[in-house]
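Just below is one structure, and these are the notes that go with it.
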């Protein structure tokens, strides 16, 4: 149930965020609440044991899969979950400390591993039908310039030229433009270009009607991307006629090695 709440927050529609690798950002207070609910639910049943010396049940592994998917989706969720587990590993209750430490270690190991999720589950001893396989519908990352990227948005400039955006989804999200003034200073809008103090931002709005014509098209994601200047978030007339709701701005934060989480590639 908590996992489904994350999906509803991340996505513009019921199709789920696996259709859209860049998710809609969750407000810090709501994210904190959801991550606490996730960890508390995980420890609320005796079927979920994460001790090193105990073989995980299928239920525990499925629960771990959901936590791992959430942690891998965006860095802010990962940091929140690890912070909660760190607090609980210092709890006065010995069993709580043991469970929190075991889950934190398993999550850290899984995130460092280069194995895909199905290989990880097999390593944990889970075989047979996997009812959580729907979690793994993300497009496989593409290695480019020794880094892993996902092919993101194709934004037309002219009839003969377009820009292709490659991004690292773990460090990117769509933020409601009205929330930007109070948003974390570590996450800044991804500017296509700068002109003095003006920046051209990548924005989007929710489509009034969802198109399923192509699983790779931005229209199938339930959003319509467009460019707008930072000091005047004007919605183009064509976009306004087919979309609804607030304007969202694509933001990102630098990766641990200091690199930006996106790059542009011009196509002719």
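Below, the figures for the structure above:
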{"item": "Single match in 87, 9, 79 (criterion: under 30 Å from residue 207 (Cβ atoms) and modelled with pLDDT of 85 or more)", "result": "9"}
{"item": "Residue list for region 53-80, filter: in a helix (DSSP H, G or I) and touching a strand residue (DSSP E or B) at 6+ places or on another chain (Cβ under 7 Å)", "result": "73"}
{"item": "Residue 27 modelled with pLDDT under 70 and at negative phi", "result": "no"}
{"item": "Answer from 162, 241 - the residue that is farther than 28 Å from residue 77 by Cα and modelled with pLDDT of 90 or more", "result": "241"}
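The values are calculated or read from the model by the stated rules, or taken from the named source; none is laboratory data. As the structure is a prediction and not an experimental result, all values here were calculated from the model. Note that we place each Cβ from the backbone using ideal geometry, even for glycine, and neighbour counts take in every protein chain shown.
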